[in-house]
């Protein structure tokens, strides 16, 4: 009984950390531009296809292909910023958000045209054999993914809070005009955010898809990660870890105990229910910044 | 002078003869019947559509060249890209109806059913599908007609066969998703069947996303509850996730059963090697695309050799050819009954409701079809075929397994 509970909870927490990792893409871009990127799931798909192309398509060994995939993902992020966002500096955030919706449709179309809709095998980066401790079964891809998510969250928190570049990026998001007047390159900040968001999405794709299959449907994880980002608060990178664990554990326990009773997929709905609830009672999320406006 | 006159007369007579002969040939092949064919060149099935439509086209070409020629009828397909989208299909249809008023539609899938189910009875145009049916569309007086029973019927037929092979009752794990009403319908139908069956017991239901992250833990729960076989009729990604979970748990003795659209070759490719599907099954009410399906394979080979069909022998060519044979046979019987000039949607439907299309007439691509007003698919005499991977190779495991009767769910 206890073993079963721990199994649901631990696996839920690890899946939650994967969602947190994907949600980091949302937060990094939001922290630097105040833009909520609706195309985050599509960036995961692009990252996945880059990895697939380099490993199974080109036949490169994974230890060479993965760093190269990060480089290519960074280039994709940079190109997206140059093409769609560099001209919008100083424009309303609403316009930028609308562009991300257009980007979602565009990337999906490009992926379908270039790679097609067929299901492709994704390389096995992490061992398939799970770690079994008593009744608890831990998939290695999720375990390593969870560890990686924590490390990346700590590194990004340090970067945004302690480094000059990180603080400049945060300042850019506050107000483009003020940042420009202080000599901060808003364009470079936004470009850096898209590069980071794109690379993080590729890491997420590797953990999510390792040993499984890849189609454009993988973009769904972007929307599943959304409640985690909103629960944490869109500015808090460290908060994502806790939010991810909360959401994942709730989902895991709901799948284990409620789904069999209800006969439906309560586990997949509950995070969205929590998201709506959080938006009602605390719109800034658990760790989001509270803005004080002086009139 | 007289000689010149004779030559002129001869030339004129010959020209008139040629003209008359050409005229009579033209008159004989003059009747052209145009059907609307729904396709998806810009949606989720864009990559496979050329294969499906290519098979449809060549089968129509064969009919025009053989049966059609004798009857003086030529069939033409006018393709409409519905993007496999309900809204797109619904918005295209009024234009198609007023432009063509076709006596039948080559249906594509679930979105057509959702978009047109309500209005086809008023428009008096039947849609002839190539896929299995759905429980939610199991209604009387159908105008959308499926040559296959529901996915749940097909899975239940497989389970009955599997229980017989095992020599006792079977516990089944059902894997699906709430992402689509069709996916839920598949599970509800098998549950309805298992409730009344002494041979089948549902060990558990696993509902997940269309692209699951990891199912090891969830599959272990089903295995702990005694699942001996997994039914996955949703998509290839789910088959891959369940297979990976079973591999991680070291339970290669538990087979999975897939349908046609997520069958063994496709799932095997997505896993990296079809050998990983050793001992697994696919089950559906169409010929298995293996040379062992002799009649169907011979027909396919004829289309390939004589009409230049450039599609491999796989589930898509089977589906495209099978749907076309079903449709042309319905038209052929209607033409024989009412004449080529009187072929309407109502008459095509009447033919299907009153006449049987035998499996032999369709070269074994489908089992014999006898529709009735009770539902969109024949409720009697249907059967499925089962494919498997044996010694690393795709093979037929069983043919002609009868589809059981299931009460509406």
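The values are calculated or read from the model by the stated rules, or taken from the named source; none is laboratory data. All figures in this text were calculated on a predicted structure; none of them were measured in a lab. Here the Cβ is made from the backbone with ideal geometry for all residues, glycine too, and neighbour counts use every protein chain on show.
Entry remark, the stretch A:1-37: residues being more than 12 Å from the chain's Cα centre (by Cα) and more than 28 Å from residue A:174 (Cα to Cα) number 15 in total. Against the definition (within 14 Å of another protein chain (Cβ to nearest Cβ), under 17 Å from residue B:379 (Cα atoms) and in contact (Cβ under 8 Å) with a residue 60 or more places away in the chain), how does residue B:192 come out, yes or no? The answer is yes for residue B:192. A count restricted to the stretch A:36-52 and to residues that are at pLDDT below 95 and surrounded by fewer than 24 Cβ atoms within 10 Å (Cβ to Cβ) stands at 2.
Restrict the check to the stretch B:179-189 and report whether at least one residue is farther than 28 Å from residue A:224 by Cα and under 26 Å from the mean Cα position of the chain (by Cα). Checking the stretch B:179-189: at least one residue is farther than 28 Å from residue A:224 by Cα and under 26 Å from the mean Cα position of the chain (by Cα). If I filter the stretch A:212-232 for residues that are surrounded by fewer than 24 Cβ atoms within 10 Å (Cβ to Cβ), more than 13 Å from chain B (Cβ to nearest Cβ), in contact with a helix residue (DSSP H, G or I) (Cβ under 9 Å, 6 or more places away or on another chain) and assigned to a helix (DSSP H, G or I), do I get at least one hit? Yes, some residue in the stretch A:212-232 is surrounded by fewer than 24 Cβ atoms within 10 Å (Cβ to Cβ), more than 13 Å from chain B (Cβ to nearest Cβ), in contact with a helix residue (DSSP H, G or I) (Cβ under 9 Å, 6 or more places away or on another chain) and assigned to a helix (DSSP H, G or I). For the stretch A:115-133, filtered to residues that are surrounded by fewer than 20 Cβ atoms within 10 Å (Cβ to Cβ) and free of Cβ contacts under 8 Å to residues at least 40 places away in the same chain, the residue that is farthest from residue A:144 (Cα to Cα) is A:116.
Out of curiosity, is residue A:287 more than 21 Å from residue A:157 (Cβ to Cβ) and away from chain B (no Cβ under 14 Å)? No: the conditions fail for residue A:287. All of A:143, A:128 fail the test of being touching a strand residue (DSSP E or B) at 6+ places or on another chain (Cβ under 8 Å), outside any strand (DSSP E or B) and within 14 Å of another protein chain (Cβ to nearest Cβ), apart from A:143. The residue of the stretch B:198-218 that is nearest to residue A:10 (Cα to Cα), among those that are in a loop (DSSP other than H, G, I, E, B), more than 9 Å from every other protein chain (Cβ to nearest Cβ) and in contact with a helix residue (DSSP H, G or I) (Cβ under 7 Å, 6 or more places away or on another chain), is B:215.
This table checks each residue for (1) in contact with a strand residue (DSSP E or B) (Cβ under 6 Å, 6 or more places away or on another chain); (2) within 14 Å of chain A (Cβ to nearest Cβ); (3) surrounded by fewer than 22 Cβ atoms within 10 Å (Cβ to Cβ).
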site	(1), (2), (3)
B:76	yes, no, yes
B:89	no, no, no
B:95	no, no, yes
B:98	no, no, yes
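Within the stretch A:246-284, restricting attention to residues that are in contact (Cβ under 8 Å) with a residue 40 or more places away in the chain and away from chain B (no Cβ under 14 Å), the residue that is surrounded by the fewest Cβ atoms within 10 Å (Cβ to Cβ) is A:279. Taking the condition touching a strand residue (DSSP E or B) at 6+ places or on another chain (Cβ under 7 Å) and more than 9 Å from chain A (Cβ to nearest Cβ), does residue B:167 pass? No.
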